[in-house]
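The values are calculated or read from the model by the stated rules, or taken from the named source; none is laboratory data. Since the structure is predicted, the reported quantities are computational estimates derived from the model, not experimental observations. All Cβ positions, even for glycine, are placed from backbone atoms using ideal geometry, and neighbour counts span all protein chains on display.
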Amino acid sequence: MQIHGNNPVQEALRSGRKIHEIFAQKGRKDSLLESLADKGVPIRFLPKPEMDKRFGTSHQGLVATVENYKLLSLEDVLRKEGPKLFVMLDSIEDPHNLGAVIRNAEVFGADAVIIPKHRSASITPGVVKASAGAIEHVDIVEVTNLNRAIETLKKANVWVAGFDVATETALSDIHADVDLCLVFGNEHKGLRPLVKKNCDYLVKIPMRGTLNSLNVSVAAGIALYDVLRRRDG
């Protein structure tokens, strides 16, 4: 896989991900390139027009070819010790939204982001870039069926809270000091009916403005902060 931009490459280097090759804009000199060279990573310098032609215009002068990102199973992350906090995404199709949710999950200490194998954005260079490299530090779980995954979570004593603007229950009304999975729906349609039915709770983020919806990554950030704040408090 190729990843673009300073933060994704920096975090790939920091995490120990195998970096096969670097493409850098001709004339670039900085500590990141020095660190990559010190690790023995081959670096090819290309003029900006060629970088733009090969990689688009959002590469920030740096592209890395890296080993693919490993997707874990739900059983893998459930076996880990300690309190658990997961984010589950139901049919999130926008790669930028997925990347931004991954970034929020890492910042606020979620253990994993759970995505479906089908009808969802997958891990692409755009997702890695939108996560600002956070994908290196949070587990990504891919499941075939979200509803079966919810049942697996319940059997492991993880409470499942789905977000729905139509409910009267606020996120702050449920306990935060339990193993918890927060489920966010599609950008336009919300949670699918069966996913909604299988959640233990349906909750919302109270809002006072005229609009009654939030971008999914913003909603995830607010919800994760609320859980973190109450757990730490």
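General observations
- From the list R17, R44, the one residue that fits, being exposed (fewer than 14 other Cβ atoms within 10 Å of the Cβ) and either in a strand (DSSP E or B) or charged (D, E, K, R) (or both), is R44.
- Residue, modelled with the highest pLDDT, within the stretch 190-233, restricted to residues that are in a loop (DSSP other than H, G, I, E, B) and within 22 Å of the chain's Cα centre (by Cα): C199
- For the stretch 20-34, a residue qualifies if it is surrounded by 14 or more Cβ atoms within 10 Å (Cβ to Cβ) and either in contact (Cβ under 8 Å) with a residue 60 or more places away in the chain or polar (S, T, N, Q) (or both), and exactly one does: Q25.
- Failed condition for H175, given (1) out of contact with any Phe, Trp or Tyr (no Cβ under 7 Å at 6 or more places or on another chain); (2) assigned to a helix (DSSP H, G or I); (3) within 22 Å of L78 (Cα to Cα); (4) not polar (S, T, N, Q): (2)
- The stretch 152-172: number of residues that are buried (at least 17 other Cβ atoms within 10 Å of the Cβ) and assigned to a loop (DSSP other than H, G, I, E, B): 2
- Taken together, the residues in the stretch 108-130 that are out of contact with any Leu (no Cβ under 8 Å at 6 or more places or on another chain) and within 14 Å of L89 (Cβ to Cβ) amount to 4.
- In the stretch 93-126, of all residues being polar (S, T, N, Q) and modelled with pLDDT of 95 or more, the one that is surrounded by the most Cβ atoms within 10 Å (Cβ to Cβ) corresponds to N104.
- Scope the stretch 200-226; condition under 20 Å from V158 (Cα atoms) and of a type in the set (V, I, T); matching residues: V203
- Subset of the stretch 56-103 (residues that are in a helix (DSSP H, G or I), under 16 Å from the mean Cα position of the chain (by Cα) and under 23 Å from D232 (Cα atoms)): V77, V101, I102, R103
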